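The values are calculated or read from the model by the stated rules, or taken from the named source; none is laboratory data. This is a predicted model, so every value here is computed, not measured. All Cβ positions, glycine included, derive from the backbone under ideal geometry; neighbour counts span all protein chains shown. Each accessible area value is taken on the protein alone, full model and side chains, heavy atoms only, with ligands, DNA and RNA left out. Shrake-Rupley method; radii C 1.70, N 1.55, O 1.52, S 1.80 Å.
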Amino acid sequence: LDRTVIFLAHEAADTDGSGAVREYVLNFGGRKLNRSYGLYFTDVWRAFTKISGTDVKYCVRTVPEPPLYQDMKCSLALPSVFVWDDERAKIFSQL
């Protein structure tokens, strides 16, 4: 429908009986939806920060990192991991 929807959510750790993290899922309602959101979107990215002293870089991952982040995918011509400020103009030009 020629629309861009950006959906933001926190992650929840899915742990096994020993407390080890098996994977991260989006922390929003519905046990089915938070594990199948990749079916509904062309792109699924994970945002994270890299902090070094007072320097903060806002980064994005666009490819899977099994087993913890399996649903990552990207329809745009972008690196697999990048700093947001470095690619922002390129992203907007492709939308």
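The figures follow:
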{"quantity": "Most mobile of Thr15, Thr42, Thr54 in a GNM of the chain (Cα contacts under 10 Å)", "calculated": "Thr54"}
{"quantity": "Extended-chain gain in nm, criterion 0.36 nm per residue less alpha-carbon gap, Ala89 and Ala47", "calculated": "13.4 nm"}
{"quantity": "Computed lengthening from Lys73 to Leu8, 0.36 nm per intervening residue step minus Cα-Cα distance", "calculated": "21.9 nm"}
{"quantity": "Max mean-square fluctuation residue, GNM over the chain, Cα-Cα springs under 10 Å, options Ser36, Ser75, Ser18", "calculated": "Ser18"}
{"quantity": "The stretch 18-95: chymotrypsin sites (Phe, Trp or Tyr not before Pro) in DSSP loop, at most 14 other beta carbons within 10 Å", "calculated": "Phe28, Tyr40, Phe41"}
{"quantity": "Convex hull volume of the chain per residue (C-alpha atoms, cubic angstrom)", "calculated": "126"}
{"quantity": "Carbon and sulfur %, accessible surface of the chain computed with the full protein complex present, 1.4 Å", "calculated": "54"}
